[in-house]
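One structure below.
The values are calculated or read from the model by the stated rules, or taken from the named source; none is laboratory data. None of these values were measured; they are calculated from a predicted model. A quick note on method: Cβ atoms are made from the backbone with ideal geometry, for glycine too, and the neighbour counts reach across all protein chains shown. For accessibility, only protein heavy atoms count, side chains too; no ligands or nucleic acids. Shrake-Rupley method; radii C 1.70, N 1.55, O 1.52, S 1.80 Å.
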Number of protein chains: 2
Amino acid sequence: MVRNQTIKFKNKPVIIGSYSIVGPKEGQGNFGPFFNYVMKSDSFGEKTYEKAERKMVQHAIIGAIEDAKIKPSDVELLLSGDLLNQIISSSYAARDFNFAYLGLFGACSTMAESLAIGASLIDGGQFNHLVCSTSSHFSTAERQFRFPLELGNQRPPTSQWTVTGSGACVLAKKGKGPRISMVTFGRVVDYGVNDVNDMGAAMAPAAMDTLLAHFRDSNTTPDDYDLIVTGDLGKLGSEILIDLMEDQGIKLGLNYNDCGQMYYTREQATLSGGSGCGCSATVLNSFIMKKLRAGEYKRVLFAPTGALLSTTATQQGDTIPGVCHAVVIEGEEK
Amino acid sequence: MVRNQTIKFKNKPVIIGSYSIVGPKEGQGNFGPFFNYVMKSDSFGEKTYEKAERKMVQHAIIGAIEDAKIKPSDVELLLSGDLLNQIISSSYAARDFNFAYLGLFGACSTMAESLAIGASLIDGGQFNHLVCSTSSHFSTAERQFRFPLELGNQRPPTSQWTVTGSGACVLAKKGKGPRISMVTFGRVVDYGVNDVNDMGAAMAPAAMDTLLAHFRDSNTTPDDYDLIVTGDLGKLGSEILIDLMEDQGIKLGLNYNDCGQMYYTREQATLSGGSGCGCSATVLNSFIMKKLRAGEYKRVLFAPTGALLSTTATQQGDTIPGVCHAVVIEGEEK
């Protein structure tokens with residue numbers, strides 16, 4: 001049975017403020033000029049990378065609230081998640097704020113998950129102002145999911161580079177800014193990929209599943225969007241997605257791209273591109289938001305994917321399930 | 001500034017079905033006769049405890065849908081989370097269902113977090129049927145958070161026993177059953193406790209914070225509820241909560257109790273009581289739901305807490321933040 005996965009908002013929530021903070025390597029990447037803040041060092045003055053990551057989250061939340069020109073006391077709710085076990089970056093960051101907190105886990109789809117839930121809560125009339133945020137950090141992700149950096153392991157060509165960065169935005173019932181008009185909630189999809197160094201291949205089927213649901217439910221085609229952007233499929237994964245969609249009779253054209261694929265320059269040698277929750281979150285809350293605010297983009301389909309594995313699942317022989325949530329953001333009218 | 005953390009629903013979502021599944025030890029506990037299914041063994045026919053935990057989640061979801069007398073194809077969304085790294089119990093369970101999935105992390109407050117978000121989405125008119133679920137498993141939690149079982153460590157008197165169990169329920173726009181009338185979204189609270197064997201003490205301040213917000217926002221008092229129930233503060237933590245509330249001028253009387261404290265019999269020697277996401281989830285979706293359906297409880301305040309730590313945070317000297325979300329459930333009228 002085909003069921004509707006897409007919500008069209010009657011009261012389109014407004015993104016009234018946004019902020020992005022990244023590490024030095026990310027600052028030298030393709031989106032460098034668009035980020036609000038580039039850290040001088042990955043440790044951000046903290047003793048551990050984990051503490052640096054949560055400090056980035058706090059920085060992004062405060063930055064988004066300032067950009068929205070509201071008071072912190074106007075914010076009612078924070079929706080946040082990250083890649084670390086028990087999402088400590090988000091929860092410990094939330095400790096220093098006075099607003100209510102909902103912890104989420106959607107792996108690298110988290111920015112879209114927080115926007116999808118947040119926009120639904122604003123549309124439903126339950127909240128007036130809330131903050132959506134997420135983060136990732138190369139060094140915390142490497143040591144949790146792969147190997148200690150000191151080991152100096154070689155990286156296979158399909159591997160991606162976890163973005164050190166955090167993005168946040170403020171959703172409001174009223175105000176000036178780009179508006180969220182629809183969200184498509186994704187299903188968990190597993191095509192049986194078990195190579196933890198090839199996340200793009202594992203997640204591409206989830207992106208396909210959600211994009212198909214979105215086009216079907218919303219009665220739109222890829223041509224209706226100025227930009228269709230996935231999160232961190234990387235070079236390989238985004239090619240797989242294009243193939244999968246073509247098999248389904250839908251051609252993703254030049255208006256399709258992937259944040260991970262675009263993130264770093266060729267010289268930065270990150271192999272298949274950027275990844276991590278911070279990858280799509282920092283691109284959305286810098287480059288994409290700027291173009292939406294300027295009216296250059298009229299309609300963006302933001303569809304980051306998440307790989308829902310853990311080291312324990314992998315060690316027990318499990319394959320890698322993926323999920324993808326899609327958010328339609330409309331630019332400011334000029 | 002005091003801000004409102006409580007949503008009063010105009011269209012009170014109905015809990016049209018619920019289900020609880022537990023391990024053998026839990027089946028011998030005080031709620032034994034009320035659970036839908038007691039497993040013969042903690043491994044539930046699986047090769048690992050992690051796979052057993054996700055099978056429990058699937059079992060609970062299917063059970064709740066059957067109890068609701070709807071078809072699986074009527075369900076639009078699953079909201080689920082658990083204690084395992086990257087919430088694999090929920091995500092891998094979701095893989096076998098066709099509905100959209102939102103992964104949550106609120107530690108042992110997850111049942112309330114899923115109900116709070118789910119009820120808001122139903123009230124807002126975005127969904128008609130959704131499932132909320134969570135789980136925990138003694139053996140997966142011990143090896144992830146503490147020590148391998150084979151080590152045979154002694155447990156200090158403040159320690160609690162992670163419940164092996166999963167609970168799920170179906171929320172609907174219309175139908176017959178108990179109704180969710182309000183939710184209070186909690187803040188992250190940290191009073192500086194750093195003893196990982198004394199979670200009750202770490203989480204009690206979060207319970208206080210949310211209960212105070214709830215009574216203030218809803219203009220109710222403890223006397224307005226037939227039952228006020230926290231999740232897994234345990235014997236010690238619930239006494240701390242009673243003290244903390246009394247300091248704030250609010251007396252929690254005989255209508256207050258804690259699922260963890262009530263869970264096991266004295267002979268089962270679990271020291272400070274039960275814990276884990278499955279603790280409050282299985283009590284809610286068995287004993288409490290039965291009393292609500294029978295009209296014996298007219299109004300229940302369900303307020304489980306979560307400890308938002310990870311082993312990494314503890315190893316880096318962090319204290320333990322807590323969160324508590326509160327849900328008001330009204331019984332069926334007779």
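Worth pointing out:
- The C-beta contact set for region A:104-115 (first residue more than 10 Å from chain B (Cβ to nearest Cβ), second residue polar (S, T, N, Q) and assigned to a helix (DSSP H, G or I), distance under 8 angstrom, 6+ apart or interchain) comprises A:CYS108/A:SER280; A:MET111/A:SER280; A:ALA112/A:SER280.
- Residues being acidic (Asp, Glu), away from chain B (no Cβ under 14 Å) and outside any loop (DSSP other than H, G, I, E, B) - total across region A:1-50: 1
- Restricting B:MET203, B:MET208 to those that are in contact (Cβ under 8 Å) with a residue 40 or more places away in the chain, hydrophobic (A, V, I, L, M, F, W, C), closer than 20 Å to B:LEU284 by Cβ and in a helix (DSSP H, G or I) reduces the list to B:MET203.
- For region A:219-239, the criterion of being in contact with a Lys or Arg (Cβ under 6 Å, 6 or more places away or on another chain), more than 21 Å from A:VAL170 (Cβ to Cβ), more than 14 Å from chain B (Cβ to nearest Cβ) and of a type outside the set (S, T, N, Q) is met by at least one residue.
- Among the residues listed as A:SER280, A:SER272, the single one being surrounded by 22 or more Cβ atoms within 10 Å (Cβ to Cβ) and within 20 Å of A:GLY331 (Cα to Cα): A:SER280
- Residue list for region A:58-72, filter: part of a helix (DSSP H, G or I) and either modelled with pLDDT under 95 or not polar (S, T, N, Q) (or both): A:HIS59, A:ALA60, A:ILE61, A:ILE62, A:GLY63, A:ALA64, A:ILE65, A:GLU66, A:ASP67, A:PRO72
- Unique residue being modelled with pLDDT of 95 or more and buried (at least 16 other Cβ atoms within 10 Å of the Cβ) when the list is A:GLN261, A:GLN248: A:GLN261
- Among the candidates A:VAL328, A:VAL323, residue that is touching a residue at least 12 places away in the same chain (Cβ under 8 Å) and more than 30 Å from B:LYS55 (Cα to Cα): A:VAL328
- Entirely in region A:239-324, the helices (runs of 4 or more DSSP H) that have 3 or more residues that are hydroxyl-bearing (Ser, Thr, Tyr) and at negative phi: A:311-315
- Leading residue by the ranking (farthest from A:THR184 (Cα to Cα)) among those in region A:110-125 that are of a type outside the set (A, V, I, L, M) and more than 18 Å from the chain's Cα centre (by Cα): A:GLY125
- Subset of region B:1-38 (residues that are under 30 Å from B:HIS137 (Cβ atoms) and charged (D, E, K, R)): B:LYS25, B:GLU26
- Tally, over region B:58-81, of residues that are facing chain A (nearest Cβ under 10 Å) and open to solvent by 10 Å² or more (accessible area, probe 1.4 Å): 5
- Hits in region B:219-238 (condition: open to solvent by less than 20 Å² (accessible area, probe 1.4 Å), among the polar types (S, T, N, Q) and part of a loop (DSSP other than H, G, I, E, B)): B:THR220
- Condition broken by A:THR311, with the remaining ones in (1) polar (S, T, N, Q); (2) closer than 27 Å to B:PHE99 by Cα; (3) buried (at least 24 other Cβ atoms within 10 Å of the Cβ) satisfied: (3)
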